[in-house]
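*Asks:* Input: one structure, supplied below.
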Amino acid sequence: MKKIIPLLILIIIIAGVYFFTQKKLTKSGDPNNLTLYGNIDTRHVELAFNSSERIKEILFYEGQKIKKGDLLARLDTKTIELQIKQINSEINAQKEIVTKLEKGSRDEEIKIARAELETARAVKINSETTLNRIKGLAKTNLVSKQQLDDAISNNNVSVAKFNAAQEYLNLALAGPREEDKKAANATLDAMYARLDILRKNFEDAILYAPSDGIIEDRILEPGDMAFPNKPVFTIAIIDPVWAKIYVPETMIGKIKQEMEAQIITDSYPDKKYNGKISYISPTSEFTPKNVETPELRTKLVYEVRIMAQNPLNELRLGMPVTVSINLNSNTDANSTSTKNN
């Protein structure tokens, strides 16, 4: 009997603690409202340069508010600027080559080719005449065999030069080959692609704010080496913000997404911020260690987020809040769902 009495006392104490914690979680006695406790939470962004170079300038410090599009920091871009200048010069030179190939031979070049052909023709006619005369003299042995051989050789050279001059004129009239034009244009396209890459590198050397927020941490300083995997800032996003609460397993069946709720803070006790349930965790967990008593930490809970209306940006990251969920708003949600179906 003496052993049973302490056991009964222990059971009564455990039951009292459980009743107290459950009552604390649902402070309001109103059956239409569920009152819970939590903290304001928001998204965080780690901003880094998409490039590797020395940081030249950082314009914001911890705690400062930023707006979307604000210039936050920049890298040293001297090397990229010189590379852009160089490739622009190469592009201008290549464009001249492409233009020359597209236009084809100039009139002056064609005139020169015609003149060279006529000169070669005259030399060829003269060498043929000389050869014929020497052949006639050779029959009567009035010229030596060496003179005949020289005449034949000179005639062959003049014929070859005439044929070469003819081909040169044909090329001048036809203009550049299509293959040469395509190759020149392909080289120009490759240069433009290199220029686009350099311009992208230049853009990556400038860091802008992706959205409104607050600088939480300034991790690097001017002179530090930046890398794509090395954040420069950690930013807390101002909008949206939500109240993160933990709902006990015994109460999770009472709430649904889109239920209306009100948020109250210790900083602004006379203000109520409207909100709606935007997220209910599909899995349970033990209550986080920073919540309530050691006894409560052993209870299974579900993380729930209440998306808050925060027009004046008064709800700050980590701020303790009291959340009152209107259980009657579930009726409206169900009726709307029924109509939609």
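The values are calculated or read from the model by the stated rules, or taken from the named source; none is laboratory data. Quantities reported herein were computed from a predicted structural model and do not represent experimental measurements. When we count neighbours, we look across all protein chains shown, and the Cβ atoms used for this are built from the backbone with ideal geometry, even at glycine.
*Asks:* Taking the stretch 216-243 as the search range and keeping residues that are assigned to a loop (DSSP other than H, G, I, E, B) and under 20 Å from the mean Cα position of the chain (by Cα), which one is surrounded by the most Cβ atoms within 10 Å (Cβ to Cβ)? Can you show your working first?
*Replies:* So in the stretch 216-243, the residues assigned to a loop (DSSP other than H, G, I, E, B) come out as 219-224, 227-232.
Filter again for under 20 Å from the mean Cα position of the chain (by Cα), leaving 227-232.
Working: PHE227: 14, PRO228: 11, ASN229: 7, LYS230: 14, PRO231: 17, VAL232: 22.
Going through the qualifying residues, I end up with VAL232.
*Asks:* Looking for whichever is more than 35 Å from the chain's Cα centre (by Cα) and in a helix (DSSP H, G or I) here; the options are GLU96, GLU108. Which one fits?
*Replies:* GLU108
*Asks:* Another question, if that's okay. Quick check on LEU36: is it within 30 Å of GLU314 (Cα to Cα), at pLDDT below 90 and hydrophobic (A, V, I, L, M, F, W, C)?
*Replies:* On the way: within 30 Å of GLU314 (Cα to Cα): yes; at pLDDT below 90: yes; hydrophobic (A, V, I, L, M, F, W, C): yes.
Answer is yes for this residue.
*Asks:* Another question, if that's okay. So which residues in the stretch 138-158 are hydrophobic (A, V, I, L, M, F, W, C) and either part of a helix (DSSP H, G or I) or surrounded by 12 or more Cβ atoms within 10 Å (Cβ to Cβ) (or both)?
*Replies:* Of the stretch 138-158, the ones hydrophobic (A, V, I, L, M, F, W, C) are 138, 142-143, 148, 151-152, 157.
Listed by number, the residues that qualify are ALA138, VAL143, LEU148, ALA151, ILE152, VAL157.
*Asks:* A further question follows. For the stretch 112-124, how many residues are farther than 13 Å from VAL157 by Cα, charged (D, E, K, R) and touching a residue at least 12 places away in the same chain (Cβ under 8 Å)?
*Replies:* 2
*Asks:* On to the next question. Out of LEU71, LEU59, which single residue is closer than 30 Å to ASP224 by Cβ, free of Cβ contacts under 8 Å to residues at least 24 places away in the same chain and not polar (S, T, N, Q)?
*Replies:* Exactly one of LEU71, LEU59 is closer than 30 Å to ASP224 by Cβ, free of Cβ contacts under 8 Å to residues at least 24 places away in the same chain and not polar (S, T, N, Q), namely LEU59.
*Asks:* What are the pairs with Cβ atoms under 8 angstrom where one residue, in the stretch 264-278, is over 15 Å from VAL241 (Cα atoms) and the other, located anywhere, is of a type in the set (Asp, Glu)? Sequence gap at least six, or different chains.
*Replies:* Every condition considered, the pairs that remain are SER267/GLU314; TYR268/GLU314; LYS271/GLU314.
*Asks:* Residues that are more than 30 Å from ILE197 (Cβ to Cβ), assigned by TED's automatic domain parsing to the domain that holds MET191, surrounded by fewer than 16 Cβ atoms within 10 Å (Cβ to Cβ) and not aliphatic (A, V, I, L, M): does the stretch 92-105 have at least one?
*Replies:* Filtering the stretch 92-105 for residues more than 30 Å from ILE197 (Cβ to Cβ) gives 103-105.
Subsequent filtering for residues that are assigned by TED's automatic domain parsing to the domain that holds MET191 retains 103-105.
Remaining after also requiring surrounded by fewer than 16 Cβ atoms within 10 Å (Cβ to Cβ): 103-104.
Next cut, not aliphatic (A, V, I, L, M) only: 103-104.
There is at least one residue in the stretch 92-105 that is more than 30 Å from ILE197 (Cβ to Cβ), assigned by TED's automatic domain parsing to the domain that holds MET191, surrounded by fewer than 16 Cβ atoms within 10 Å (Cβ to Cβ) and not aliphatic (A, V, I, L, M).
*Asks:* For the stretch 125-149, enumerate the residues that are farther than 16 Å from VAL159 by Cβ and of a type in the set (Ser, Thr, Tyr).
*Replies:* THR140, SER144
*Asks:* Among the candidates ALA261, ALA226, which residue alone is modelled with pLDDT of 90 or more, of a type outside the set (Ser, Thr, Tyr) and more than 30 Å from ILE80 (Cα to Cα)? Walk me through it before giving the result.
*Replies:* Values: ALA226 fails: more than 30 Å from ILE80 (Cα to Cα).
Just one listed residue meets the conditions, ALA261.
*Asks:* So, one more: Of TYR268, TYR246, which residue is under 23 Å from LEU34 (Cα atoms), out of contact with any helix residue (DSSP H, G or I) (no Cβ under 8 Å at 6 or more places or on another chain) and surrounded by 18 or more Cβ atoms within 10 Å (Cβ to Cβ)? Even if it seems obvious, please write down each step before you answer.
*Replies:* On the way: TYR268 fails: surrounded by 18 or more Cβ atoms within 10 Å (Cβ to Cβ).
Within the list TYR268, TYR246, the selection yields TYR246.
*Asks:* Looking only at the stretch 159-180, decide whether some residue is within 38 Å of the chain's Cα centre (by Cα) and either modelled with pLDDT of 80 or more or part of a helix (DSSP H, G or I) (or both).
*Replies:* Within the stretch 159-180, one or more residues are within 38 Å of the chain's Cα centre (by Cα) and either modelled with pLDDT of 80 or more or part of a helix (DSSP H, G or I) (or both).
*Asks:* I've got another one for you. Only one of these is surrounded by 16 or more Cβ atoms within 10 Å (Cβ to Cβ), touching a residue at least 24 places away in the same chain (Cβ under 8 Å) and in contact with a strand residue (DSSP E or B) (Cβ under 9 Å, 6 or more places away or on another chain): ALA209, ALA165, ALA184. Name it. Show your work before the answer.
*Replies:* Details: ALA165 fails: in contact with a strand residue (DSSP E or B) (Cβ under 9 Å, 6 or more places away or on another chain); ALA184 fails: in contact with a strand residue (DSSP E or B) (Cβ under 9 Å, 6 or more places away or on another chain).
On inspection, the qualifying residue turns out to be ALA209.
*Asks:* Could you please find all residues in the stretch 42-73 being among the charged types (D, E, K, R) and crowded, with 19+ Cβ neighbours inside 10 Å?
*Replies:* Step one: of the stretch 42-73, the residues among the charged types (D, E, K, R) are 43, 46, 53-54, 56-57, 62, 65, 67-68, 70.
Across the stretch 42-73, the qualifying residue is only GLU53.
*Asks:* So LYS135 passes all but one of these: (1) surrounded by 12 or more Cβ atoms within 10 Å (Cβ to Cβ); (2) more than 30 Å from ALA122 (Cα to Cα); (3) basic (Lys, Arg). Which condition number does it fail?
*Replies:* (2)
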